[in-house]
Amino acid sequence: MARDHGFQPVRIARIVDETPDVRTFALDAWFPYRAGQFLTFKACGTLRSYSMSSSPDTDDEISVTVKRVPGGLVSGWMHDTLRPGDALEATHPGGSFCLREDAPDRRPLVAYAGGSGITPVFSLLKSALATTGRPVRLLTAHRDAESAIFRQQLDLLATRHGDRLHVRHHLDDRHGLVTEEEIRGLADGVDGPGDDADFYMCGPEPFMALVEKTLTAHGVPADRVLVERFTPLPSVPARMPTPVSAPSADTGTVTVELRGDRRTVPQRPGESLLQSARRAGFTPPFSCESGDCATCLARLTRGEAKMRVNNALDADEVAEGLVLTCQAEPTTPDVAVVYED
């Protein structure tokens, strides 16, 4: 049976101001999820994904923590408009930024969180401390003390789990930017260089690029590093189809059908079906653009396509012809997809 990717109503139970530009929205709803996952919300005529800061193993309510993005359509609306009792629509939880189920109970967990990247990491470490014996090392990086998200909660956890949780709070206004030396120091931890650990990172792109580069140079295997990227995506305004030349036999074609409208454009090397749909003038559904949330789901009706990443569909759904258009690239000259309601 195909997985249900539909939306469900959720109601705001309470709102917590974490910092001047970050709020936590606790939901009056409960459904199964894993620490580190996210919810995708339908609001303001578009879709946005926000990580859950709650843990299914320690918290009685589901919470998402949202940073106001300058000019952000949905984050601004959530901060300015939502009040306890208000309702909005959300998908079932998605995402693969989760604790490894096969990790030994004593394997260290090392995490790097920049800015609002602490949100899914906070969820992960709460579950790790509650359900495993794993030691946890965390580096958080913020502009200043006022912008440090969950600092008090993290300090309380560090006091409660002093033998297992080590937290370093990095503040740019006091310490300058995060350095490779700090990153290596956390990776080495108390067990010396090369200890057997899983590494998690989330935050702004420059921060994560530095962490990834440093860990790679330090000899950390790529399969031990899990990355969650926050990439706020602008809403794509409705527009007329872009004029295109007649498809040629050597380029192939992509035909897209959305809400009864069908358009065809030439294939472009390396372009996803979602990008082709936008080039055809459509405003197709999307959210994470990382192969996690299934918001961009469509059905192949002709030809074949290969997904670069698939963290949302099971084998039966793929066999039925369903694809994540943000990750699917045509592998045959003639491809057609339909976005189903």
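A few notes on this one:
- Rounded FRET efficiency, nearest 0.05, which uses the C-beta distance separating V338 from T251 and R0 of 25 Å: 0.70
- In order along the stretch 41-54, phi translates into HN-Hα couplings of 9, 9, 7, 6, x, 9, 10, 9, 9, 9, 6, 7, 8, 7 Hz, rounded to whole numbers, per the Karplus curve 6.51 cos²θ - 1.76 cosθ + 1.60 with θ = phi - 60° and x for Gly and Pro.
- Between amide H atoms placed 1.01 Å from N, distances below 5 Å from A111 occur with R137, L138, L139, Y200, all of them 5 or more places distant or on a separate chain.
- Angle in degrees between helix 205-217 and the longest Cα principal axis of the chain, rounded to the nearest 10: 70
- Normalised by residue count, the stretch 126-191 yields a Cα convex hull volume of 87 Å³ per residue.
- Dividing the convex hull volume of the alpha-carbon atoms in the stretch 1-121 by its residue count gives 125 Å³ per residue.
- The stretch 141-160-the stretch 258-305 distance, computed between alpha-carbon centres (Å): 41
- Relative contact order for the stretch 253-339, counting Cα pairs under 8 Å that sit 6 or more residues apart, in percent: 39
- Whole-number percent relative contact order across the chain, with pairs defined as alpha carbons under 8 Å at least 6 apart: 14
- Backbone geometry of the stretch 138-152 corresponds, through the Karplus equation with coefficients 6.51, -1.76 and 1.60 at θ = phi - 60°, to 3J(HN,Hα) couplings of 9, 10, 9, 10, 9, 4, 7, 4, 5, 9, 6, 7, 6, 4, 5 Hz, x marking Gly and Pro.
- Whole-Hz Karplus values for the stretch 293-303 come out as 9, 6, 5, 8, 4, 8, 10, 6, 10, 7, x Hz, taken residue by residue from phi with 6.51 cos²θ - 1.76 cosθ + 1.60 and θ = phi - 60°; glycine and proline positions read x.
- Relative contact order for the stretch 7-91, counting Cα pairs under 8 Å that sit 6 or more residues apart, in percent: 39
- Answer label for mean projected area of the Cα convex hull in nm² (calculated), chosen among (1) 18.7; (2) 29.3; (3) 16.0: (1)
No lab work stands behind these numbers, since they all come straight from the coordinates. The structure displayed is predicted, hence computed values, not measured ones. Cβ: placed from backbone, ideal geometry, glycine included. Neighbour counts: every protein chain shown.
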